[in-house]
Amino acid sequence: MQQSVFNRRRFITTGSKAAAGIAMLSSLAKKSVALMHNEPKIKFSVISINHSHIYGMVDAVTRGGGELVSFYAKEPELASAFARKYPQAKPARNKKEILEDGSAQLILSSGIPVERAPLGIEVMRHGKDYLVDKPGITTLEQLESVRHVQKETKRMYTIMYSERLENRATVKAGELVKAGIIGNIIQTIGMGPHRMNPRSRPEWFFDKKYFGGIITDIGSHQFDQFLFFTGSTNAEIVASQAGNVHHPQYPQFEDFGDVMLRGNNGTGYIRVDWFTPDGLKSWGDARLTVLGTEGYIEIRKNLDIGGREGGNHLFIVNQKETRYMNCNKDPLPFGRLFVNDVVNRTETAMPQEHCFLATELALKAQENAQKLDFKK
């Protein structure tokens with residue numbers, strides 16, 4: 001009798017372990033199938049699409065493992081174009097519908113710049129993370145509010161500095177600098193020329209109360225790159241100037257600005273403008289030069305006026321060689337890293353304080369810029 005009871009217990013124990021093992025194998029099999037079929041790690045939505053940067057942002061998050069589920073834009077023509085590009089996304093009736101949708105963990109936006117920070121505060125207070133086009137914040141007062149709510153909610157407020165994060169040559173340069181190929185970094189020089197195309201621009205484009213000023217707007221990329229490549233964790237503005245030097249028909253516009261800054265690990269110079277001539281085959285000859293103690297790197301982001309086709313051109317000079325690298329096939333890791341950060345609550349794609357500091361520097365440079373007013 002005792003032997004019978006023992007055998008029965010052993011059968012139950014063994015059977016339970018076997019069942020647990022089968023369940024575990026089944027779970028692993030399901031995870032393997034999900035990985036094989038690229039099952040999305042997160043779901044995300046879009047609110048406001050006033051700049052075409054939203055398309056690159058959506059594509060980056062999708063590559064990283066996100067699934068676009070819905071969108072809202074109050075402008076019918078913008079909504080229609082977005083729906084044609086992403087037919088899988090459900091159009092929402094209003095932003096409240098998206099904010100209160102519990103299935104989406106992340107909201108993307110490229111709304112009118114002055115409206116981006118207030119939306120981001122709403123997003124974070126609804127328990128969602130936020131990825132926003134630059135400039136993600138247009139005043140120091142907005143920055144203070146955003147910082148407060150981000151700290152309170154512990155949600156991610158990330159600004160898409162695409163000139164670094166979505167440019168393959170710049171990503172490659174980051175790897176080379178990290179490997180010490182040009183020694184310790186001394187300075188970055190960032191050039192951000194743009195073509196104006198006034199006929200294609202909305203009315204708000206010409207009034208800096210909506211976009212924050214030229215340094216706040218297109219200069220934001222350069223502050224991000226300065227902090228990243230020098231490794232600076234604090235910095236000060238040495239001098240800045242901005243103004244409307246050639247477009248009197250748009251009195252509230254700014255078409256030129258430049259900045260000198262000094263960080264705890266390097267110095268920087270930034271120049272931004274709206275003077276790309278029509279003879280160039282790109283919206284701008286955007287360049288970045290990184291000077292180190294053992295050499296330098298120059299990145300020609302969009303084109304090489306020397307004649308090479310396409311973009312993503314990297315030139316490196318150090319104590320051993322002078323070399324050209326075509327980076328068109330180099331990976332873009334931001335989307336994958338960012339989605340993983342949303343899932344794991346980490347900061348591998350961009351530390352939160354880096355994001356805010358780059359914006360703070362741009363806002364301070366803009367606010368204290370000497371006004372340029374050439375009389376010709």
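Looking at this model, which pairs from K43/K154; K74/K371; K95/K154 are more than 29 angstrom apart at the alpha-carbon? With Cα atoms farther than 29 Å apart: K74/K371. Annotation: M260 carries an accessible surface of approximately 100 Å², with a 1.4 Å probe and no ligand, DNA or RNA atoms counted. The simple spin-label model puts a point 7 Å past each Cα toward its Cβ; for A179 and Q370 those points are separated by 4.2 nm. Rolling a 1.4 Å probe across all protein chains gives T62 an accessible area of roughly 70 Å².
Nearest 500 deg cm²/dmol is fine: what mean residue ellipticity at 222 nm does the chain get from its DSSP H runs of n ≥ 4 alone, each adding -39,500 (n - 2.57), divided by its residue count? Numbers along the way, then the final one.
Values: 13 runs with 149 residues, N = 376.
The helix contribution divided over the chain gives -12000 deg cm²/dmol.
Can you give me the accessible area per residue for the chain, using a 1.4 Å probe, in Å²? Mind showing how you got there, number by number?
Numbers: 19150 Å² over 376 residues.
Heavy-atom SASA per residue in the chain reads 51 Å².
Students often get this wrong: which residues of segment 118-133 have the backbone nitrogen under 19 Å from the point 7 angstrom along Cα-to-C-beta of R63? Zone members listed by number: 131-133. With each label modelled as a point 7 angstrom along the Cα→C-beta vector, the L140-T293 pair spans 3.5 nm.
Taking N as the number of residues in segment 290-370, what is its alpha-carbon radius of gyration divided by 2.2 N^0.38 Å?
Here the Cα radius of gyration is 1.50 times the empirical estimate.
With all protein chains in place and a 1.4 Å probe, the accessible surface of segment 127-240 carries 49 percent carbon and sulfur.
Multiplying the residue separation of S282 and K209 by 0.36 nm and subtracting their alpha-carbon distance yields 23.5 nm.
Between Q249 and R84, how high is the FRET efficiency from 1/(1 + (r/R0)^6) when r is the Cβ-Cβ distance and R₀ = 41 Å? Nearest 0.05. All intermediate terms of the calculation are to be shown ahead of the outcome.
Numbers: r = 34 Å, r/R0 = 0.83.
Rounded to the nearest 0.05, the efficiency is 0.75.
Go through (1) 35, 29, 17; (2) 44, 27, 20; (3) 50, 21, 19 and flag the label whose value is the computed semi-axes √(5λ) of the Cα gyration tensor in Å for this structure. Correct label is (2). Sorted largest first by accessible area at a 1.4 angstrom probe radius, with every protein chain in place, the residues Y86, Y210 fall in the order Y210, Y86. Ranked by the mean number of other Cβ atoms within 10 Å of their residues, highest first, the peptides 315-322, 339-346 come out as 339-346, 315-322. Taking a ≥ b ≥ c as the square roots of the eigenvalues of the Cα gyration tensor of segment 245-285, is the shape rounded (a/c under 1.5), prolate (a/b larger than b/c) or oblate? Judged from the Cα gyration tensor, segment 245-285 comes out oblate (a/c at least 1.5, b/c at or above a/b).
Percent of accessible area on segment 291-376 owned by carbon and sulfur, 1.4 Å probe?
On the way: 2320 of 4750 Å².
Reported share for carbon and sulfur atoms: 49 percent.
Quick one: compute a quarter of the convex hull surface over the Cα atoms of segment 238-372 and quote it in nm².
Spelled out: convex hull of the Cα atoms, projected over all directions, averaged, 11.6 nm².
The values are calculated or read from the model by the stated rules, or taken from the named source; none is laboratory data. Remember, it's a predicted structure, so these values are computed and weren't measured experimentally. Using ideal geometry, Cβ is built from the backbone for each residue, glycine included, and neighbour counts are taken over all protein chains shown. Please note that ligands, DNA and RNA were not included when accessible areas were found on the heavy atoms of the full protein model with its side chains. Shrake-Rupley method; radii C 1.70, N 1.55, O 1.52, S 1.80 Å.
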